[in-house]
Amino acid sequence: MTRLSRYPFHFVLFAIYPVLALLAFNIHEVPVSVIWRPLVITLAGSIITSGILRWLLRDWQKAAILTTSPLILFFCYGRLYDYLKSTPLNDLNIVRHRWLVILFVIISALITWLVIKRIRDMRPMTAILNLIAILLVSMAVIQIGIYEIKASSGSNAAVNDPSTLMPPATTDRENLPDVYYIVLDGYTRSDVLKTELAYDNSGFLDQLTELGFYVASCSRSNYNKTQSSMASSLNMDYLPELYKIAAAQGLSEKDIWMLIKPSLVRRNFENLGYLTVAFNTGYKWTSIDDADLYLSRGRYAYGVQFISPFEQMLMDSSLLAIYSDFKRQGSWDAYNDSIHPKANYIGLQEYILYQLPRVAELAEPTFTYAHINITHEPYVFSPDGYLLDANETAFPQGYLHAIDFINTEILTIIKQILAASDPPPIIIIQADHGYWVDDGTPDGFNIPPILNAYYLPGVHPGALYPTISPVNTFRLVFNEYFNGHYQLLPDTSYRFTDIENPLPEVYPDCQK
């Protein structure tokens with residue numbers, strides 16, 4: 001305890017703890033690399049502040065405490081404000097930034113007065129703050145470490161299961177067709193759009209058909225959540241079988257998404273001589289960031305103007321929530337895409353749309369995975385690609401605007417890919433699930449009817465059928481093009497929380 005009371009290092013740990021804690025809480029969504037800039041800023045700020053206070057007070061312990069206390073108040077502000085807004089106090093119209101800031105200033109002034117004028121021996125307080133800081137940082141680091149170990153185990157689980165892996169290619173690589181797996185998140189099947197939302201999507205489907213696509217008119221996703229749906233489609237099997245693979249490496253059912261990155265489909269194509277191309281999706285669980293070519297939107301010059309979603313969350317949890325709330329008060333149509341509240345999301349979607357057709361220019365045969373979130377919340381695009389005003393972004397209006405926009409963009413992209421490809425490519429355009437509905441459960445429910453369209457040149461039309469689902473997509477592709485011997489599975493939909501009881505087809509009038 002003597003060393004803990006003698007050396008005040010708590011201000012350093014309290015500076016990095018909020019960043020590490022936020023990372024630990026969101027570790028399944030963001031890479032560790034997102035912490036470096038905020039970590040450097042908070043750490044540098046605390047060291048500079050403590051240095052100035054040490055020079056003024058001639059006392060390291062007082063300087064450290066007067067650095068730590070504002071840090072705690074600074075990073076607690078946003079969370080306290082959000083909590084108060086959710087309590088009955090908000091109904092009294094008294095939860096305002098101006099009152100809370102005044103309260104925080106008074107608390108900070110009182111602590112400063114106590115430290116400088118009243119408390120003579122700083123050692124007990126230094127020891128307590130040092131100990132608390134060590135415990136907090138240790139818990140965050142352990143949580144991050146456990147996750148990273150599990151993620152590594154997820155890769156091992158897939159790699160160590162070679163039973164259904166395709167053999168190496170015997171075909172000349174120059175004659176291998178490029179393969180595009182384009183996932184349109186939340187894009188619902190045409191008959192459901194017409195029945196439930198009075199939206200006629202037939203024009204888009206007719207144009208796909210004219211380009212040579214087969215549209216599976218009665219297709220449904222196998223699961224109603226992105227993680228389980230993508231894990232199933234990219235590993236060509238249902239969750240009970242995938243759980244066995246994961247369990248062999250000590251993973252639990254909630255870790256099943258870790259099989260997406262080292263999926264069987266990807267490993268098959270790489271074994272066949274393909275280059276894997278993947279885009280940053282904005283979500284860690286659907287981003288194949290170790291692909292041979294991983295395409296991610298760059299930052300602005302010097303990285304100064306660009307605020308990542310992680311940094312925005314950190315700001316919203318701190319005193320900077322005042323600035324964030326002020327910024328959001330304007331109508332969205334007043335923003336260009338660089339200062340829009342969803343600027344990172346907008347830029348990433350536009351980047352994918354721009355770069356996707358350019359993959360066809362690569363000389364090597366490629367397996368491209370592009371997960372596009374435009375038809376998933378937040379809905380920000382108008383049918384012509386401009387940014388919506390805030391009052392147009394709610395479901396279903398914002399969702400239908402997004403469908404209009406992505407329809408136009410996808411048709412353009414497909415035409416560009418077809419024109420640049422020799423031999424003709426394989427293209428799958430598929431949703432991971434349908435749109436979200438509130439069914440009275442805490443997490444709601446994504447309906448299973450989905451858009452599912454195939455461009456499979458040279459394949460006999462009878463190979464495809466109206467009810468084909470994502471679990472069979474690549475089973476069919478490997479069988480038809482690469483002499484695979486995968487048996488097609490029953491096309492069934494499940495709720496991801498109830499993986500053994502099939503969901504009924506509630507739209508039985510689709511054209512089978």
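Per-residue answers, yes or no, for (1) farther than 20 Å from Leu234 by Cβ; (2) modelled with pLDDT under 95; (3) surrounded by 21 or more Cβ atoms within 10 Å (Cβ to Cβ):
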position	(1), (2), (3)
Gln430	no, no, yes
Ile447	yes, yes, yes
Val459	yes, yes, no
Pro470	no, no, yes
Glu480	no, yes, no
Pro504	yes, yes, no
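Scanning segment 401-422 for residues that are in a helix (DSSP H, G or I), of a type in the set (Gly, Ala, Ser) and open to solvent by less than 50 Å² (accessible area, probe 1.4 Å) returns a single hit, Ala402.
For every residue, the table says whether it meets (1) open to solvent by 50 Å² or more (accessible area, probe 1.4 Å); (2) assigned to a helix (DSSP H, G or I); (3) in contact with a helix residue (DSSP H, G or I) (Cβ under 6 Å, 6 or more places away or on another chain).
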position	(1), (2), (3)
Val40	yes, yes, no
Thr68	no, yes, yes
Phe75	no, yes, yes
Tyr83	yes, yes, no
Arg98	yes, yes, no
Val101	no, yes, no
Ile107	yes, yes, no
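I'd like the residue in segment 259-290 that is assigned to a helix (DSSP H, G or I) and touching a Pro at 6+ places or on another chain (Cβ under 7 Å) and, out of all such residues, is surrounded by the fewest Cβ atoms within 10 Å (Cβ to Cβ). Filtering first and then ranking leaves Asn271. Just give me the residues in segment 181-195 being in a helix (DSSP H, G or I) and open to solvent by less than 10 Å² (accessible area, probe 1.4 Å), in sequence order. Of everything in segment 181-195, those that are in a helix (DSSP H, G or I) and open to solvent by less than 10 Å² (accessible area, probe 1.4 Å) turn out to be Val192, Leu193.
The residue pairs whose first member lies in segment 353-372 and is more than 20 Å from Asn452 (Cβ to Cβ), whose second member is of a type in the set (Lys, Arg) and assigned to a helix (DSSP H, G or I), and whose beta carbons are closer than 6 Å, counting only pairs six or more residues apart or on different chains, are Pro365/Arg173. Considering segment 196-224 alone, what residues qualify as being under 22 Å from Ala370 (Cβ atoms) and open to solvent by 40 Å² or more (accessible area, probe 1.4 Å)? Result: Gln207, Thr209, Leu211, Gly212, Tyr214. Only residues that are part of a loop (DSSP other than H, G, I, E, B) and under 19 Å from His371 (Cβ atoms) were counted across segment 225-258, and they come to 2. The set of residues from segment 200-259 being more than 22 Å from Leu184 (Cβ to Cβ) and polar (S, T, N, Q) comprises Gln249, Ser252.
For first residues located in segment 454-468 and in a loop (DSSP other than H, G, I, E, B), partners that are among the basic types (Lys, Arg) and lie 6+ apart or on another chain with Cβ distances below 8 Å form the pairs Pro466/Lys512; Thr467/Arg220; Thr467/Lys512. Among the criteria (1) in contact (Cβ under 8 Å) with a residue 40 or more places away in the chain; (2) open to solvent by 30 Å² or more (accessible area, probe 1.4 Å), the one Ser229 does not fulfil is (2).
Can Thr467 be described as within 19 Å of Ala231 (Cβ to Cβ) and among the hydroxyl-bearing types (Ser, Thr, Tyr)? Here the answer is no, as Thr467 does not meet what is asked.
The values are calculated or read from the model by the stated rules, or taken from the named source; none is laboratory data. Computed from a predicted structure; not experimentally measured. FYI the Cβ positions are ideal-geometry reconstructions off the backbone, even for glycines, and counts take in every protein chain you see. The accessibility values were calculated without ligands, DNA or RNA, using every heavy atom of the protein model including side chains. Shrake-Rupley method; radii C 1.70, N 1.55, O 1.52, S 1.80 Å.
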